[in-house]
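Note sheet for the following structure.
The values are calculated or read from the model by the stated rules, or taken from the named source; none is laboratory data. As the structure is a prediction and not an experimental result, all values here were calculated from the model. Because the Cβ atoms are built from the backbone with ideal geometry, glycine has one as well, and the counts that use them run over all protein chains shown.
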Amino acid sequence: MTNRKKVSVGGISFDDKGRILLVNPSYKERWDLPGGILEVGEDPVTGLRREIREELGIECRVGELRAVDYGASDWEGAEIIMLTFFVELAARTPQDFDFTDGEITEVAFHDPVEALALVTPRMSDRLRVALRMASGGEHGILVRRPLDPLADVWESAHR
């Protein structure tokens, strides 16, 4: 059996009004953070820089890691670890971005509360932790979901 684990990276960036940058991918139904899946042998910082360059046509500085999430199965059936970082973008307005490759259809800054409603529930959970709108759990950044049966077994065994 091969290890089908993937690592995805996403970047949270703000404009001068405190709004979060979201991208609207052509291949997903909901808005998302800029980022994507790491390539073989690629570290998270290099991968996030590459993804932002590919999606937005700009450079960025990768800052603090703010949320870590785990999914037992992504859209292709692989386990996935999702890392969310703060990023500082070289450009500050959507007009400065080059997203003409067809992967991204729109780019816009959204109020944080509005952004939570535009993304998937899983991404909303990560954003809440990253923005300190929700507790990150015992490790500080791990997103814990109430429907996680292993977490419930662990807690009952260690009470």
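For region 109-137, filtering for residues that are small (Gly, Ala, Ser) and loosely packed, with under 15 Cβ neighbours inside 10 Å leaves 3.
Of GLU29, GLU39, GLU54, GLU64, all but one fail to be in contact with a strand residue (DSSP E or B) (Cβ under 6 Å, 6 or more places away or on another chain) and of a type in the set (D, E, K, R); the exception is GLU64.
Only one residue in VAL87, VAL143 is modelled with pLDDT under 85 and crowded, with 17+ Cβ neighbours inside 10 Å, so which one is that?
One residue alone meets the criteria, VAL143.
Among the residues of region 30-48, some residue qualifies, meaning at least one is assigned to a loop (DSSP other than H, G, I, E, B), in contact with a Pro (Cβ under 9 Å, 6 or more places away or on another chain) and surrounded by 18 or more Cβ atoms within 10 Å (Cβ to Cβ). Looking at the structure I just gave you, is GLU51 within 15 Å of ALA108 (Cβ to Cβ), free of Cβ contacts under 8 Å to residues at least 60 places away in the same chain and surrounded by 16 or more Cβ atoms within 10 Å (Cβ to Cβ)? Against the criterion (within 15 Å of ALA108 (Cβ to Cβ), free of Cβ contacts under 8 Å to residues at least 60 places away in the same chain and surrounded by 16 or more Cβ atoms within 10 Å (Cβ to Cβ)), GLU51 does not qualify.
TYR27 satisfies every condition listed in (1) surrounded by fewer than 12 Cβ atoms within 10 Å (Cβ to Cβ); (2) closer than 21 Å to ARG92 by Cβ; (3) not charged (D, E, K, R) except (2). Suppose the filter is surrounded by fewer than 16 Cβ atoms within 10 Å (Cβ to Cβ) and either aliphatic (A, V, I, L, M) or within 15 Å of the chain's Cα centre (by Cα) (or both); does GLU64 pass it? The answer is yes for GLU64. Only residues that are surrounded by fewer than 18 Cβ atoms within 10 Å (Cβ to Cβ) and either of a type outside the set (Ser, Thr, Tyr) or within 20 Å of GLU64 (Cβ to Cβ) (or both) were counted across region 1-24, and they come to 13.
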